[in-house]
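Please treat every number below as a calculation from the coordinates, not as lab data. Bear in mind that the values here come from a model prediction, so they are computed numbers and not experimental data. Cβ: placed from backbone, ideal geometry, glycine included. Neighbour counts: every protein chain shown.
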Amino acid sequence: MTGASTAAPAGAEHGESYLTHGRGVASWLLSLDHKRIGVMYLVIVSASLFLGGVFALLLRLHLWNPAGGLVSNDAYNKLFTLHGAVMIFLFVIPGIPAALGNFVLPLQLGAKDVAFPRVNLLSFWLYASGAVLFVVTLVVGGIDTGWTLYPPYSLEEARGLGILLALSAVFLAGFSSILTGVNFIASIHRLRPPGMGWFELPLFLWALYATGVIQIIATPVLGITAAMGFMDRIFHLGLFMPEYGGDPVLFQHFFWFYSHPAVYIMILPAMGVVSEVVSVFSRKPIFGYRFIAMSSIAIAVIGFLVWGHHMFVSGQSKWMNLAFSFLTMLVAIPSAIKMFNWLATMYKGAIVLRTPMLYVLAFFGVFAVGGLTGLFLGALATDIPLHDTYFVVAHFHFVMVGAVMMAFLAGLHYWWPKMTGRMYHERLGVVSAVLVFVGFNVTFVPQFLAGVAGMPRRYATYAPAFTLDNRISTVGAFILGLGLVVALWSLLGGLRSGRRAPANPWGAASLEWQAASPPSHHNFEETPRAGGPYDFTGLRRVSDEAGWVRTEAA
Amino acid sequence: MTNRFASEIANLLAGGGPGYMPARASSVAGDVDQVFWFIFWVSAFFLALIVFLTVLFVVRYRHRASRPEPEATPSQHTGLELLWTGIPLVLVLVMFAWSTKAYLAMTETGTGAEPLEVQVTGKRWSWWFDHPGGKGAPELHLVAHRPATLVLSSTDVIHSLYVPEFRLKQDAVPGRFTRMSFTPNVPGTYPILCTEYCGTNHSRMLASVVVHPDQAAFDAWAREGMEPGESLVEIGRKVFAQRGCAACHSLDGSRRVGPTVKGLWGKEEKLADGSTVRVDEEYLRESILKPGAKVVAGFPNVMPPSALPERDLKGIVAYLQSLKETP
């Protein structure tokens, strides 16, 4: 047990933290500190979740009646477009990696910062500019193309200025994502402390590493595609518009070459959070470490070869369809491996049911449904009737919203004491986890049923037969929204009246818990020596105030 | 309404019959539903297993006064990993194989009678169907048990033709033709929905498909109210004459600057680069819009491209097809 005896700082009682190091707006906006950048990301990511959520509630209200009624068809089309675009580009993709990842990654490495702090700040500013451009898009009247931006519809002159702004926003947000990926990969390669080999990395870092690989390979294609769309619209190059000799299906290939792997950019970091939390709150080392780590890489690799399943009914050759169907179904395997390893981790543990763990349990159920319903869409025979129906809407919400958001909230509650130095309100946290889980299922289970019965997606009006499914879904959306408000209350309330957080409130073994809560500007006074990230031997709980401390005798 | 919902849930849970699903009205619908229920039950089993284990572990191994510490267990086990890699892999391969078998049937016309070929045009926000014999209509007419082939195109943006009761769907993409082949097998009227977002009235781009019980009923419908000069063949004949196509492409088989159009449809043409191509609607579209792309061996590459409107293009295709059919 060498290296397991590093004396942990006794809590937050040692002077300046990163929050008080430097004051004033400029000290935040121009900060090179990964922790401040992470917090700034968190603020915009949360604001985006709020904005996207308001759009969601409005469109669910509109769908209360089959004939619509709240807004016009055009306004509805803008609502679902902006809901999708804001949620995907500004919340789900950067949520875990950019906000939580930026804060946690250097701490888990026992490092002072990421490998390229200036690039990190640039990345944040690109993202913020993208977010501002999305808001400007709203101000000039919004767009109604769907977040998928399929030409010819999206590139017609009638779409106006909005589409050009949206393409620029996507371009900027994309570059931010690439730079974050580069930074994370370089940091994990170069900044590991003594004693931390590749197979001693916390699994969150393996997940961020696999995510970084996807970000730097796939995201440039998104940027190029946005630029090509821009050019086609302005100069009529004839890339995607049949009117000028282009091919709209080519756009779909480019778009999904990025946007399918993007699903793994979203879900891999989520899986990383789950691996951390499930081990710490079961008080047991993670089961099957290597299999979980390698399944992240397998998902990243296979995830690149499945984009064609979005074009199963576009007229693509049937042999292409078969190849893509086969590869798509294979992706189920690494996800199944992870699921069973997490369950095995809980086996014979001493499971502590705090808020982060409750969100992880919710993740299990929701992710299982999201993954399993993917099988229906990977199999050609069943995809063809289900393609572009509410079944697809429900499926991707289970994966992207359900699973990713549950993990995001698990991670946020888990690292909140580290980020702020205060505990959230446990009771409110529990209430929020229950409301979010119930609300989510009430919202999206009926959508599976509507999809199987043949209700197409992106419909401003629908057949009266689907009224009940839609109404239940609308009620669920409001329960989900309420759950999120309670979560915010639990977290922000904690800032005011929460207990002071010790350095290690959960008894976790990874390095971020050796830094003070909140950490000092330089994170660690001296580079810590890494033990196993899931080696809990010798950790003893002293009290609520002092948290967990590693004792010499192990 | 509530009863319907309840009975559908019950049906779904019982895994039985059509239940929540739309009626089955094509020859492939039954196979599709079999694949669906197979995947459904495998998924239901795994979901139940995961939820059961989660709940069981939380209840039994919850941290409490009598259970302050976890029990020591191994943190890896290759045998278990192989087990939970292997079983899902085998199941997924079975799903893929079964689905593929059903899918291949969904892409073929099937044997039996000669297929009824309908030209489908999508535009914001309606469909138009040109049936054999020249009858055009805003709804699709087919014959039960007679194979059908739909050739889809669009004059503006991408649309998608979806008939839940057939379990089939196909995009109509501007600038190209796509095809759908199937056999409707239950007479009746079914909804057609657009499933590719196309703007303001996407959700109102509805039509219906009428499946006639027999050929006689279809023929009776096809004859009524038929006005001359409106069929695609007539449009094609007119365009062919007005554009002066016959100056280079003879109708009688004689050799002029370009290949004759007599007997052209469906022929295997030998190209200048040595490859061969079957003359179908996609080849004709390309040869009219980009004549230099695939030049027939032995002819000069001199034809100017002509940007024909979608409907004229379809007319030419139908006209050339008609030349083949009536020698």
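A Stokes-Einstein calculation at 10 °C with viscosity 1.306 mPa s, built on the Kirkwood radius of chain A over Cα pairs, returns a diffusion coefficient of 66 µm²/s. Against chain A, whose longest principal axis is taken from its Cα atoms, helix A:117-139 shows a tilt of about 40°.
The C-alpha atoms of chain A define a longest principal axis, and helix A:355-378 lies at about 30 degrees to it.
Among the GluC sites (Glu not before Pro) in the stretch B:83-186, which ones are in a DSSP loop with at most 16 other Cβ atoms within 10 Å of the Cβ? Mind listing them? Qualifying residues, ordered by number: B:Glu108, B:Glu139. Were the residues from B:Ser66 through B:Asp273 laid out at 0.36 nm apart, the gain over their Cα-Cα distance would be 66.3 nm. Screening chain B for whole DSSP H helices of 30 Å or more along their axis (Cα) with average Kyte-Doolittle hydropathy at least -1.0 returns B:29-60, B:78-106.
About its Cα centre, how strong a charge dipole does the protein assembly as shown have in debye, to the nearest 20, once Lys and Arg get +1 and Asp and Glu get -1 at the Cβ?
Working: 63 positive and 56 negative charges, 338 e Å.
The calculated dipole for the protein assembly as shown is roughly 1620 debye.
Full extension of the chain segment joining A:Val301 with A:Arg118 gains 62.9 nm, where the gain is 0.36 nm per residue of separation less the Cα-Cα distance.
Ranked for footprinting exposure by Cβ neighbours inside 10 Å, fewest first, B:Ser126, B:Ser75 give B:Ser126, B:Ser75. Classify the stretch B:25-108 as rounded, prolate or oblate, taking a ≥ b ≥ c as the square roots of the eigenvalues of its Cα gyration tensor: rounded when a/c is under 1.5, otherwise prolate if a/b is larger than b/c and oblate if not. The shape class here is oblate. Quick one: helix A:332-346 against the long Cα principal axis of chain A, what's the angle to the nearest 10°, folded into 0 to 90? Relative to chain A, helix A:332-346 is tipped by roughly 30 degrees.
Please identify the longest segment of chain A free of exposed GluC sites (Glu not before Pro), where exposed means a DSSP state other than H, G, I, E or B and no more than 14 other Cβ atoms within 10 Å. The reported range is A:17-524.
Exactly which GluC sites (Glu not before Pro) in the stretch B:176-243 are in a DSSP loop and have at most 16 other Cβ atoms within 10 Å? Of the GluC sites (Glu not before Pro), the ones in loops of the stretch B:176-243 whose Cβ has at most 16 other Cβ atoms within 10 Å are B:Glu224, B:Glu230.
Note on B:Ser208 and A:Val136: their simple-model spin labels are 5.1 nm apart, each label 7 Å out from Cα toward Cβ.
Projecting the Cα atoms of A:Leu51, A:Gly411, A:Ile93 onto the charge dipole of chain A (Cβ charges, centred on the Cα centre) puts A:Gly411 farthest toward the positive pole. Given R₀ = 22 Å, what would the calculated FRET efficiency be for B:Lys294 paired with A:Glu157, taking r from the Cβ atoms and rounding to 0.05? Approximately 0.10, to the nearest 0.05.
Given B:Lys267/B:Lys294; A:Lys318/B:Lys135; B:Lys135/B:Lys267; B:Lys294/B:Lys314; A:Lys318/B:Lys101; A:Lys318/B:Lys270, which pairs have Cα atoms separated by over 22 Å?
As for pairs spanning more than 22 Å Cα to Cα, those are A:Lys318/B:Lys135; B:Lys135/B:Lys267; A:Lys318/B:Lys270.
Per-residue shielding of A:454-464, expressed as the average number of other chain Cβ atoms within 10 Å of the residue Cβ, stands at 6. Residues A:Thr219, B:Thr107, A:Thr225, B:Thr100, ranked from the fewest to the most other C-beta atoms within 10 Å, line up as B:Thr107, B:Thr100, A:Thr219, A:Thr225. Gain on full extension, evaluated as 0.36 nm per residue between A:Ala67 and A:Tyr244 minus their Cα-Cα distance, stands at 60.0 nm.
Dipole of the protein assembly as shown computed with +1 at Lys/Arg Cβ and -1 at Asp/Glu Cβ about the Cα centre; of A:Ala26, B:Ser250, A:Val434, farthest Cα towards the positive end is A:Ala26.
For A:Ser497 and B:Glu139, the FRET efficiency from 1/(1 + (r/R0)^6), where r spans their Cβ atoms and R0 equals 45 Å, is about 0.10. Once you order the gyration tensor axes a ≥ b ≥ c over the Cα atoms, which shape class does the stretch A:503-554 get: rounded for a/c under 1.5, otherwise prolate or oblate by comparing a/b with b/c? It is oblate, given that a/c is not under 1.5 and a/b is not larger than b/c. Largest GNM mean-square fluctuation among B:Arg67, B:Arg167, B:Arg278, using chain B with Cα springs under 10 Å: B:Arg67. Given R0 = 56 Å, the distance between the Cβ atoms of A:Ser27 and A:Thr467 translates into a calculated FRET efficiency of 0.55. Under the simplified labelling scheme, the B:Thr73-A:Ala47 pair shows an inter-label distance of 4.6 nm, with each label point 7 Å from Cα along Cα→Cβ. In terms of its C-alpha gyration tensor, the stretch B:190-327 has a prolate overall shape, because the principal axis ratio a/c (a ≥ b ≥ c, square roots of the eigenvalues) is not below 1.5 and a/b outweighs b/c. For the pair the stretch A:179-237 and the stretch B:213-273, the centres of their Cα atoms are 55 angstrom apart.
Take each residue in B:46-52, count the other chain C-beta atoms within 10 Å of its C-beta, and the mean is 5. For A:Lys284, the lysines whose Cα comes closer than 28 Å to its Cα, not counting residues fewer than 8 places off in the same chain, are A:Lys338, A:Lys348, A:Lys418.
Of all aspartates and glutamates in the structure, those lying under 18 Å Cα to Cα from A:Lys112, and not within fewer than 8 positions of it along the same chain, are A:Glu16, A:Asp33, A:Glu512, A:Glu525, A:Glu526.
Toward the positive end of the charge dipole of the stretch A:24-124, with +1 on the Cβ of Lys and Arg and -1 on the Cβ of Asp and Glu, the farthest Cα among A:Leu63, A:Leu82, A:Gly38 is that of A:Gly38.
Sorting B:Asp219, A:Asp388, A:Asp535, B:Asp171 from the fewest to the most surrounding beta carbons within 10 angstrom yields B:Asp219, A:Asp535, A:Asp388, B:Asp171.
Where only DSSP H runs of four or more residues are counted, chain A gives -20500 deg cm²/dmol as its mean residue ellipticity at 222 nm, each run worth -39500 (n - 2.57).
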